[in-house]
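For reference, the structure is listed below as structure tokens.
The values are calculated or read from the model by the stated rules, or taken from the named source; none is laboratory data. Just so it is clear, the structure is predicted and the values come from calculations on it, not from any experiment. Glycine gets a Cβ as well: all are built from the backbone with ideal geometry, and neighbour counts include every protein chain shown.
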Amino acid sequence: MLLRKQFFPVGSEDERWYKWQHFRQRFGQPVQEYTTKFHNQAMVMDIDVDDYNVFMKYTGGLVDYIRKELKFFTVDAIEEGTVKAIAIKAKNKRTDKKDEKLKHVNKTD
């Protein structure tokens, strides 16, 4: 930690903590990309991703529809949550495509 303070600009640690506190999945961002960036941020901050509170932060940062559906599963680790979140996103993407096809069919009637 002393080494970090010596080489990083003043305020950079505060900035990193601010980014960590406000880290969220952006709309349209793939779950894999969010997860990778989450792990990278945690590594820079020297945060243990196996901690349950960190897992809760991870799920709290997921987009709303994924987070809500993830609650239906028993998941307590980021790796498990990532697999379920990817499946949820894929399921919703297929549903959206079906809805678009139905709209297109109904417009041509």
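On inspection, R67 fails the criterion of being assigned to a loop (DSSP other than H, G, I, E, B), at pLDDT 90 or above and closer than 25 Å to K91 by Cβ. Read through the list (1) among the aliphatic types (A, V, I, L, M); (2) under 21 Å from E13 (Cβ atoms); (3) surrounded by 12 or more Cβ atoms within 10 Å (Cβ to Cβ), then give the number of the only condition that M43 fails. Going through the list (1) among the aliphatic types (A, V, I, L, M); (2) under 21 Å from E13 (Cβ atoms); (3) surrounded by 12 or more Cβ atoms within 10 Å (Cβ to Cβ), M43 breaks only (3). All of (1) closer than 24 Å to R16 by Cα; (2) part of a helix (DSSP H, G or I); (3) not small (G, A, S) hold for V83 with one exception: (1). Please find, within segment 21-60, the residue that is nearest to the chain's Cα centre (by Cα) out of those that are at pLDDT below 90 and among the hydrophobic types (A, V, I, L, M, F, W, C). For segment 21-60, the residue satisfying everything is F27. Residue-level check: of (1) more than 23 Å from K93 (Cβ to Cβ); (2) assigned to a loop (DSSP other than H, G, I, E, B), R26 misses just (1). Does F73 qualify as being closer than 20 Å to K93 by Cα and touching an Asp or Glu at 6+ places or on another chain (Cβ under 9 Å)? Criteria met by F73.
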